[in-house]
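The values are calculated or read from the model by the stated rules, or taken from the named source; none is laboratory data. All of these numbers come straight from a predicted model, not from anything done at the bench. Don't worry about glycine lacking a Cβ; one is built from the backbone with ideal geometry, like all the others, and counts go over all protein chains shown. Remember, those area values only see protein heavy atoms, side chains included, never the ligands or the DNA or RNA. Shrake-Rupley method; radii C 1.70, N 1.55, O 1.52, S 1.80 Å.
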Amino acid sequence: MRQKILVTGGAGYIGAHTASVLDKEGYEPVLLDNFSNSDRTLLSGLRKITGKQITFHEGDCNDRSLLHSIFQKEGDIAAVIHFAARRYVGESVEKPLYYYRNNVGSTITLLEVMLEHGVSDFVFSSSCTVYGQPDELPVTEDTPRKPAESPYGNTKKICEDIIQDTVLSGQPIKAAILRYFNPIGTHPSHLMGEVPHGVPNNLIPFLTQAAVGVRPELVVFGDDYDTPDGSCIRDYIDIMDLAEAHVQALKFLRSTEANSLFEIFNLGIGEGKSVLELIKTFEKATGVSLNYKIGPRRPGDVEKVYANVDKASEVLLWKATRDMSESLYNAWQWQLRLGKH
Ligand code: WQD
């Protein structure tokens, strides 16, 4: 009998890719999504990749009665991976209450319903954004978190604290907090990838849309930073490596006897690459010449951040294996499937 794993935000970019690895590893992903930041594209891609109908519930993690009915209907949910959240820095500055209600409220509701149903294993989607601009690099899980640069980043910090306090109170929750760096790429089948809604927020959709002609050019947000080529540095991690890390975190929780635990893991590749390096890698990997120009810095951008990933390697027995050129080639193939819309 395959263990059922509830994947909130399961129709989203990271959720759907993680669901594909859950299936491959012999688990039964049960998806919940309200399509506020996703659509059926990835759900149909996931069903093609797995060759299974994949159970899907449409709805919101803040809907307590819906969550209860899912736990009751599914009967034996073994664990929860919680992706569902709004994650746009700019939007969060405009709509802070929506972000706190949605991101923080849903986490509280989910934890309460899990406890009522005796489900303890909880993988939480957090972000390197909690580090702000670190004083030292690479960042480890012990690197002090900085005051959030946006309500979005603050919701991640607050959720981490809520989960930690719940564990410290003795409640039977075993939590793995996964701090993502910059996910890129797609499933190797090119049946799933990033599906931006409206103007993309992340670099790669902007880049591939510029390459395919959906937008006239890519604007590089500043080349006057204190980095080798002046552009910002990030830790870009392939989405399949990230998805596999979630399943390793789940296995870690399932194998731990403790009544409760709270562990944080950085999920990156452990080195930084600049925007201009990424552009060169994209052009080499795809043979496409990218139309880009240097523009002004984007307010709130961190100059450089990348991870120390020793803890995930030692505790989760996980390491990123895919290189950037593979990720960017796949992202390009996905954009060609999406076409010019
Ligand atoms: C990456 C780099 C930009 C667009 C992301 C997510 C955030 C959080 C942390 C999940 C930066 C540059 C971008 C463009 C550019 N993830 N850029 N031109 O800012 O690191 O934050 O990771 O929780 O939600 O957004 O990622 O992809 O926006 O930017 O030059 O058109 O690309 O300046 O250096 P970021 P990003």
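Summary table
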quantity: Selection from the range 1-48 of residues that are small (Gly, Ala, Ser), at negative phi and under 17 Å from the mean Cα position of the chain (by Cα); calculated: GLY10, ALA11, GLY12, GLY15, ALA16, ALA19, SER20, SER36, SER38
quantity: Residues located in the range 181-224, provided they are in a loop (DSSP other than H, G, I, E, B), open to solvent by less than 20 Å² (accessible area, probe 1.4 Å) and either within 12 Å of the ligand (Cβ to nearest atom) or without any contact (Cβ under 8 Å) to a residue 12 or more places away in the chain (or both); calculated: PHE181, PRO200, GLY222
quantity: Filter pass, GLN133 being polar (S, T, N, Q) and within 30 Å of PRO29 (Cα to Cα); calculated: no
quantity: Hits in the range 291-333 (condition: touching a residue at least 60 places away in the same chain (Cβ under 8 Å) and part of a helix (DSSP H, G or I)); calculated: ASP310, LYS311, ALA312, VAL315, MET324, GLU326, SER327, LEU328, ASN330, ALA331, TRP332, GLN333
quantity: ARG234 being within 24 Å of the chain's Cα centre (by Cα) and within 11 Å of the ligand (Cβ to nearest atom); calculated: yes
quantity: Which numbered condition LYS293 misses (of (1) within 16 Å of the ligand (Cβ to nearest atom); (2) within 26 Å of THR140 (Cβ to Cβ)); calculated: (2)
quantity: GLY185 modelled with pLDDT of 95 or more and at positive phi; calculated: yes
quantity: Filter result (open to solvent by less than 60 Å² (accessible area, probe 1.4 Å) and among the aromatic types (Phe, Trp, Tyr)) within the range 311-333; calculated: TRP318, TRP332
quantity: Unmet requirement for ILE54, which otherwise passes all of (1) over 23 Å from ASN201 (Cα atoms); (2) within 20 Å of the chain's Cα centre (by Cα); (3) aliphatic (A, V, I, L, M); calculated: (2)
quantity: Test: residue in the range 192-203 that is within 23 Å of VAL139 (Cα to Cα) and under 19 Å from the mean Cα position of the chain (by Cα); calculated: yes
quantity: Helices (runs of 4 or more DSSP H) contained entirely in the range 27-141, each with at least 3 residues that are open to solvent by 30 Å² or more (accessible area, probe 1.4 Å) and in contact with a Phe, Trp or Tyr (Cβ under 9 Å, 6 or more places away or on another chain); calculated: 89-94
quantity: Candidates SER92, SER65, filtered to the one that is over 14 Å from GLU28 (Cα atoms), hydroxyl-bearing (Ser, Thr, Tyr) and more than 16 Å from the ligand (Cβ to nearest atom); calculated: SER65
quantity: Those residues of the range 236-273 which are under 15 Å from SER313 (Cα atoms), in a strand (DSSP E or B) and open to solvent by less than 10 Å² (accessible area, probe 1.4 Å), in sequence order; calculated: ILE237, PHE265, ASN266, LEU267
quantity: ILE264 closer than 17 Å to HIS17 by Cβ, in contact with a Lys or Arg (Cβ under 9 Å, 6 or more places away or on another chain) and modelled with pLDDT of 95 or more; calculated: no
quantity: Those residues of the range 274-290 which are within 25 Å of the chain's Cα centre (by Cα), within 16 Å of the ligand (Cβ to nearest atom) and either crowded, with 17+ Cβ neighbours inside 10 Å or not in a helix (DSSP H, G or I) (or both), in sequence order; calculated: SER274, VAL275, LEU276, GLU277, LEU278, ILE279, THR281, PHE282
